[in-house]
1. Of the residues B:203, B:212, which is farther than 22 Å from residue B:304 by Cα and either open to solvent by 10 Å² or more (accessible area, probe 1.4 Å) or more than 14 Å from every other protein chain (Cβ to nearest Cβ) (or both)?
2. I need the full set of residues from the range A:68-87 which are facing chain C (nearest Cβ under 10 Å) and either surrounded by fewer than 22 Cβ atoms within 10 Å (Cβ to Cβ) or at positive phi (or both), in order please.
3. What do you reckon, is residue B:218 part of a helix (DSSP H, G or I), more than 14 Å from chain A (Cβ to nearest Cβ) and open to solvent by less than 10 Å² (accessible area, probe 1.4 Å)?
4. Give the number of residues within the range B:46-65 that are touching a residue at least 60 places away in the same chain (Cβ under 8 Å) and under 22 Å from the mean Cα position of the chain (by Cα).
5. Tally the residues that are over 16 Å from residue A:37 (Cβ atoms), touching a residue at least 24 places away in the same chain (Cβ under 8 Å) and either within 14 Å of chain B (Cβ to nearest Cβ) or open to solvent by 10 Å² or more (accessible area, probe 1.4 Å) (or both), restricting the search to the range A:206-233.
6. Restricting attention to the range C:145-157, does a residue exist that is surrounded by fewer than 19 Cβ atoms within 10 Å (Cβ to Cβ) and within 8 Å of another protein chain (Cβ to nearest Cβ)?
7. Out of A:41, A:46, A:25, I need the residue that is modelled with pLDDT of 95 or more, in contact with a Phe, Trp or Tyr (Cβ under 7 Å, 6 or more places away or on another chain) and more than 14 Å from every other protein chain (Cβ to nearest Cβ). Which one?
8. Given the range B:280-383, what strands (runs of 3 or more DSSP E) lie entirely inside it while holding 2 or more residues that are open to solvent by 10 Å² or more (accessible area, probe 1.4 Å) and free of Cβ contacts under 8 Å to residues at least 24 places away in the same chain?
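The values are calculated or read from the model by the stated rules, or taken from the named source; none is laboratory data. What you see is a predicted model, and the numbers here were worked out from it, not measured in a lab. Cβ coordinates were reconstructed from backbone atoms using ideal geometry, including for glycine residues, and neighbour counts include every protein chain displayed. All accessible areas refer to the heavy atoms of the entire protein, side chains included, with ligands and DNA or RNA removed. Shrake-Rupley method; radii C 1.70, N 1.55, O 1.52, S 1.80 Å.
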Amino acid sequence: MDDQVWITLARALAFSTPLLWAALGEIIVERSGVVNLGVEGMMILGAIAGFAVAQTTGDPWVGLLAAMAAGGAAALLHAVFAVLLRSDPYVSGLALTIFGLGLSGLIGRAWVGRPLQNAMEPISLPGLASLPVVGEIVFGRQHILTWGGLLAALILWVLLHHTRLGLIVRTVGENPAAADAAGLPVLRIRILTVVFGGVMAGVAGGFLSLAYRPSWGQGMTNGLGWIALALAIFALWDPLRAVFAALLFGAFFTLAYSLQSQFPPQLLTMMPYLFTILALTFTAVRKGRGAFGAPEALGRPYARGER
Amino acid sequence: MRRLFIALLFLASLPFASAQDDPLKVAFIYVSPAGDYGFSYAHELARQKVDAHFGDAIETVFVEAVPEPDVEPTIDQLVADGADVILGTSFGYGDGILAAAPRYPDVIFGWGTGYQRAPNVFTYMADLYQPYYLNGMIAAGLSETGQLGYVAAFPISEVKRHINAFTLGAREVNPDATVDVRWLFNWFDPAGTKEATEAMIAEGVDVIAFTEDTPTAIQTAAEYDVPSFSHYASMVEFSPETVASGHLVNWEVIYIDFLQKVLDGTYTSDNLSDVDYFWLLEDDAVELGSEPGVKIADAFVEPLQNTMVDHPELGSISVYDLVMDRHDKMVAGRDVYDPFLGPVVDRNGNEVYEAGYLPTIGDLTSLEWAAPGVVGAWDNEPQ
Amino acid sequence: MLPFRLEKRGVPSAGLIWGVSLAAVAVAMLLTGVLFAFFGVPPIEAFRTIVERTILDARGLSEVVRRAIPLMLAGVGLTLAFRANFWNIGAEGQLLIGATAASGIALFSGLPAGAMLPTMLLAAFLAGAAWGLLPALLKTRLGVNEIITTLMMNYVAIYIVRWLINGPWKGPSLGGFSYTERFAPEAVLPTIGTTRLHWPTLLLAIALALFVAWLLARTRFGFEARMMGESPEAARYAGVNFFKTTLTLILVSAGAAGLAGFGEVAGIHQRLVDPGSLSLGYGYTAIIVALLARKNPVAALVTALLLGWVAASGDVMKISLGLPSQITGVTSGLVLLSIIGSEPFLRYRLVRREPARTPSEAI
């Protein structure tokens, strides 16, 4: 039974990897005041680009670069529409998801139904993997990107909260007018964060098609992009909290398969969303109205002199 | 090629262009993209074989990724394009097909895996329970722990029947074998399949079977060197070393038989009310194999030949020979050998079929009980 | 630094709106045409077939309108919420819960024929409204961002429906397939001829659009709602009751999405089915409908038809033109992207940048 806990943790780590990468990206995007509902679209474009390039070159890491580039390019589209042209960010994000799902399917026709020749192999973390009981189960065979996601969360947390760069991003998201007045290039920063978010979603998609399930299938992200969006919010826009949130989401997902004789799996899979609402409510009640850390200017395109 | 196709379409729509030797136009409707592995892919392979078999006598088209509620407008469009026979391959198309059929009394409809017919609607099914039974035998022969795993899509009769057959097969080889079942409540769910497979392997399962529309279970099991089975079509490419055998479906056998009878004039749009295909190993509509023609993958033949069991009826026999014995008898006919021939009890000890009773197709398609050895949640189980 | 900058326009003229919108559609068609050509289908021929099958053909047209009905109902409701700056992303969930409530009445109430459909309609409206109420309360009372809560509520609704059709409400006669039993005939909406056009819901959508337009233009509530959206500070100063107004508008907005769910189950499916089959993303498309209509409820009827047509065209592409099914997502995406790409032209004009501006000029 003790093993069961560690097994759940190990699977939660693996399953939460794509969620974490994509959510970290979205956290940075939303911290700068932009909402991108196109995570699912960017993720799946990353998945097909990664797969196609890895299959062609034989190197999954080159594939990962392609996945990042594809995610970033897709995000650039959103940046142009939602930030530069100040179109509606929600429609732009939704359009990006629809477009991404369609385009990836179209490109993917040539790649469907074939396994990846050289997939990313899981690794054993030296030292930690030889711990008794926990070691082999938790540290024995995870992907590099799983540990990479945790590291990325730490780095982003430091950047966001303890560097000038982070302060700039947060200011742009909290009060773009003030940032502008202070001489910060608001739009340029937002474009960069949106593209960064796309690159991170690309990593998430690449992980799926290169490591988690090394093959291409149409619609293989299967809603994970939307979960990542929920996750960014559930984590209250904090990269470190995102790690725990991702693990919790991952645990619920895997438990839906190990506890299903005791509990309806649909209701277990529903929990993360319910928890997100509860987390927001609880934080608001505890800290007072609206004080749960949502970037003040979230979702509002910025133009000087407008509100 | 497509240009030609469009030109043909255009010609077909011209009045007076329809000469007497017009090919029979047969349209297939798939619920998912045709190229992906899984249910629709199996039908697409069959369509290509139908095309090759009939040559100029039949022209086939397909529409892929049609959501269940959209089948009716899809039928309208296909009829407008001149389809003579429309084959809806998914259970969920039933409402739409039965609603559209009276509107187009001259068009012949097929409802794959369906149960309700009409003068111009027939039903058909190529059922895999017999190959699943043989897969269960192979699984038990390969397992060290006696714990087998099954990733299952939905708790419908068809899937329950397959799990039961798999479990009964395993128990013929190893009376103590158990089959752990995890439900996805989804036909297409790679992430769910991955996690369900991982969870079972972590709990000691060392052979995996599944009903889901991707090769994910095979790929996941391969990471742990756990044997698995091709589902619908050959999935050997996804893990050449670990796919031991499988259950393959040859929908074209049914399609060719039916369409030949349409061409002959045996079947018309007003005599289909009793036409129901439920075809099995004996009809060659399904097949045991990791890939067509390979019943058991080479690497697994020897281990199975070296594993001996004490069989109550056949004495000391290798698992390999036992599988082949059961296989050949089922190919000879349901009356020669059937895994569900009574006496059969369920896992709660109730007698399901009394001694000597051979369940009818109707019994099998409404099956709800769980075989002894099945472990896990079971919807709507008789107590 | 770009040599041009965007400068805000005043209220765009009707001519400009038409011109820009048509230009956007033209661009989308041009891009789609290129895609057709790439797949070896002559574009002109392709568009001709699409128009013949979707607009000139009665049955094809009925499918366009049939698809537009849920988009109209949910989209009109969203125009009201968006006007008041309440970002309801939750129409999908409200639609699903409305469909669930209607199905519950249809399956288990045993009401007589005359009372069945009205009760289903009312239940769907109330359930949809209730699903919107929680985010509205959280926003007005605790300041919780409604975009997030309404989005989350969609998922809760999806899993509730999945749980019901896989568990307690699963039809016993279906061999374990995840649907409820079929509704009795008295719980099914009439349709025009043999089409699937459930006309009572269409009339309901039109009536709702006129009602919301009237609310917005002629009532104190509408005035307050618009003021909340256009200038919250002024609204607060003028003593607008944000709480009451928000609750009222979400009642109508989310209730309308609930009605769309009623139309889908009572008019099309005649049972509760998987969320993915039940709605095909209507609740999300309705956001696009409302925003393309520039938050005008009557215009939302037109944009709903436009998007219904895009969806129906996708069918023609894959069925009659033999194009790969994935192309429909690409073309829908192209249409949306070119329309939202055109939107700034209505709000801004390009102005040559004057050389002597402050260096901190944006971009």
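1. Among B:203, B:212, only B:203 is farther than 22 Å from residue B:304 by Cα and either open to solvent by 10 Å² or more (accessible area, probe 1.4 Å) or more than 14 Å from every other protein chain (Cβ to nearest Cβ) (or both).
2. Once the filter is applied, which keeps residues that are facing chain C (nearest Cβ under 10 Å) and either surrounded by fewer than 22 Cβ atoms within 10 Å (Cβ to Cβ) or at positive phi (or both), the range A:68-87 yields A:80, A:84, A:85, A:86.
3. Criteria not met by residue B:218.
4. 5
5. Residues in the range A:206-233 being over 16 Å from residue A:37 (Cβ atoms), touching a residue at least 24 places away in the same chain (Cβ under 8 Å) and either within 14 Å of chain B (Cβ to nearest Cβ) or open to solvent by 10 Å² or more (accessible area, probe 1.4 Å) (or both): 13 in total.
6. No, the range C:145-157 has no match at all.
7. From the options A:41, A:46, A:25, the qualifying one is A:25.
8. Result: B:308-311, B:315-318, B:351-353.
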